Amino acid sequence: MSQTIIIPRAACVIGWPVAHSRSPLIHRYWLAQHGIAGDYRREAVRPEALEDFVNHLAERGYVGANTTIPHKEAVLRLAEPDKDANAVGAANTLWLADGKLRATNTDVEGFLCNLDDRAPGWDSNLDTALVLGAGGAARAVLFGLIRRGVGRILLVNRTLATAQLLRERFGDTIVPIEWSALPDAMAQSALLVNTTSLGMTGQPELSLDLAPLPQHAVVNDLVYAPLRTGLLTAAQECGLRSADGLGMLLHQAVRGFTLWFGVTPKVTPELRTLVERDLVAD
Ligand code: NAP
């Protein structure tokens, strides 16, 4: 009698360092919830070892992977990027299909779904948005905002030249401005997104007076460690709607899980609480 052998599917997150990643917690929760005999692991891979690791993903037992700092840009030339990954200039999700390694960027939908979830209607009649920071996360945010039809995006960055490069990438919708012009920019914006690392554990605080923002404005901090940032506290004190960075982290994970394990998982309050507890325990 022949026996069917089921080989568990596995995915991983590739980073350097990678110990801080909450992705295993998220994907293992969904694996257990859906009764899938799979696994999701952390893989600490140095930049110089990335190409070899990614080229032998299947031999290492993986059907796909997430990439995190510092590999999100480098991985583009090692896989076949889709149009979102190309437009953003970075990929955070890899999967094997028809023997080829594909790459996409799910930070874009993670950012948008989180705002849809936490601040419904945030994009209706959104004329002008204000984005702080011009790094990797900012590129996904800008691409997402343009996709949603935001007409004008004021972009502030410590290094103005980097913001100007993003105008070249994404076009005239992006208006780079000086940090000193923030109060005036806030007065014109119905959405403020922090994509800088300011406010993160171990980094300086982001100290902003949010008073110039209109009362219907939404504040979104991409930083999720700590979960409750100074910026979110300031938004609450001003009576503004806000969305934290954890929601984006959870929502960006959905498509990877679907591609690797064939089931579309849900971002539930229970999952959120699980990761929140882990962040607080740090
Ligand atoms: P990155 O590429 O290194 O960019 C960092 C940004 O922060 C740059 O714009 C940089 O400005 C600015 N910055 C750093 N230190 C600063 C300081 N002292 N004063 C003013 N600006 C400063 O990093 P990233 O990958 O975009 O990540 C940025 C943040 O987003 C991190 O906290 C990360 O955890 C978070 N993130 C969250 C999610 C999520 O799912 N919630 C996803 C991705 C990223 P310069 O250009 O002048 O250096």
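The values are calculated or read from the model by the stated rules, or taken from the named source; none is laboratory data. Every value quoted in this text rests on a predicted model; they were computed, and no experiment measured them. A quick note on method: Cβ atoms are made from the backbone with ideal geometry, for glycine too, and the neighbour counts reach across all protein chains shown. The accessibility values were calculated without ligands, DNA or RNA, using every heavy atom of the protein model including side chains. Shrake-Rupley method; radii C 1.70, N 1.55, O 1.52, S 1.80 Å.
A few notes on this one:
- Ratio Rg/Rh, restricted to the range 38-105 and using Cα atoms, in which Rh is the Kirkwood radius: 0.93
- Computed over the alpha-carbon pairs of the chain, the distance histogram in 5 Å steps reads 1, 5, 12, 16, 18, 16, 13, 9, 5, 2, 1, 0, 0, 0, 0, 0 percent, short to long.
- Inter-label distance, T268 to W179: 4.4 nm, where each label sits 7 Å from its Cα along the C-beta direction.
- Across the chain, the mean sequence separation of Cα contacts (distance under 8 Å, 6 or more residues apart), normalised by length, yields a relative contact order of 16 percent.
- Accessible surface of the chain, 1.4 Å probe: 52 percent of it comes from carbon and sulfur atoms.
- The packing ranking, built from the mean of other Cβ atoms within 10 Å per residue, places the peptides 151-158, 79-86, 202-209 in the order 151-158, 79-86, 202-209, highest first.
- Legend: P(r) of the range 101-214 from all alpha carbon pair distances, 10 Å bins from 0, whole percents, reading 13, 46, 35, 5, 1.
- Taken over the C-alpha atoms, the range 203-248 has Rg and Dmax values of 10.2, 29 angstrom.
- In this structure the range 29-81 gives 52 Å² per residue of accessible area when probed at 1.4 Å with all protein chains present.
- About the centre of its Cα atoms, the range 98-233 shows a dipole size close to 320 debye [charges on the beta carbon of Lys, Arg (+1) and Asp, Glu (-1) only; nearest 20 debye].
- Measuring r between the beta carbons of R28 and E276 and using R0 = 22 Å, the FRET efficiency lands at 0.85.
- In a DSSP loop and with at most 13 other Cβ atoms within 10 Å, there are no chymotrypsin sites (Phe, Trp or Tyr not before Pro) in the range 94-163.
- For the range 148-227, the Cβ-based charge dipole about the Cα centre amounts to some 260 debye (Lys, Arg positive; Asp, Glu negative; other atoms uncharged).
- Restricting the range 154-234 to chymotrypsin sites (Phe, Trp or Tyr not before Pro) that sit in a DSSP loop and have at most 11 other Cβ atoms within 10 Å of their own Cβ leaves nothing.
- The value for the range 186-282 of Rg(Cα) / (2.2 N^0.38 Å) is 1.21.
- Positive end of the dipole of the range 95-252 (Cβ unit charges, origin at the Cα centre): among L249, Q236, G202, the Cα lying farthest that way belongs to L249.
- Loop-located GluC sites (Glu not before Pro) in the range 1-100 (DSSP state not H, G, I, E or B) with no more than 13 neighbouring Cβ atoms inside 10 Å: E59.
- Shape index of the range 48-174: Rg/Rh, with Rg the Cα radius of gyration and Rh the Kirkwood radius from the inverse mean 1/r over Cα pairs, equals 1.03.
- Rg(Cα) / (2.2 N^0.38 Å) computed for the range 1-117, rounded to two decimals: 1.12
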